[in-house]
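Structure first, commentary second.
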Amino acid sequence: MIYGRCAACKNQRRRCPPDCIFFPYFPPNDSQRFAFVHRIYGGSNVGKKLQQLPHYVREEAANNLYLEAKCRIQDPVYGCVGIISKLYQQIHDTQIELAKIQTQIAFHKLQNPQFQAEKSNFNVESNLNSLPPQSNNSMGQFQWPSQATNWFN
Ligand SMILES: [Zn+2]
């Protein structure tokens, strides 16, 4: 059991009421968690946002606010979008590498007569078709979830 003021009330140097909105999501033993969201969003804005949400999504919202604030502090320009963009680039690069390797395997099977029986099982063209579409913008295929609510309006 954790006693004392929550990290938010400690940070704001105020009494932590028994029904404190922050207490379940910003426990006293993790002061950095609140410090990050306070720095990016402002502590009172975070409290208002949590109040507006149903109880069952508050923990998830607090976790995401924390992660997004942490990313924004580490990368002030791109925030978490920078991480998403890097991961999309890795997927794209890996798909290209996979298609190249599959094409090489197909080529070597063709060169080696002992694999003649399997020749009909592959198609070089299908490997080339599995290459991802070229895009100058690595975020080109990125879609925000359509059901996501914009909590920050
Ligand atoms: Zn509190």
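Where a number appears in this text, it was derived from the coordinates with a stated rule and is not lab data. This structure is a prediction, so every number in the text was calculated from the model and none was measured. Heads up, the Cβs are rebuilt from the backbone with ideal geometry, glycines too, and the neighbour counts pull from every protein chain shown.
Residues ARG58, ARG13, ranked from the fewest to the most other C-beta atoms within 10 Å, line up as ARG13, ARG58.
Do any of LYS48/LYS70; LYS10/LYS86; LYS10/LYS70; LYS10/LYS48; LYS10/LYS49 go past 26 Å between their Cα atoms, and which? With Cα atoms farther than 26 Å apart: LYS10/LYS86.
Here the stretch 1-107 is assigned +1 on the Cβ of each Lys and Arg and -1 on the Cβ of each Asp and Glu. Its dipole about the Cα centre then comes out at about 660 debye. Counted residue by residue at 0.36 nm each, then reduced by the alpha carbon distance between them, the extension gain from SER31 to ILE73 reaches 13.6 nm. The lysines whose alpha-carbon is closer than 21 Å to the alpha-carbon of LYS109, local same-chain residues fewer than 8 away aside, are LYS100, LYS119. In this entry, the stretch 7-74 is assigned a mean projected area of 4.2 nm², taken as a quarter of its C-alpha convex hull surface.
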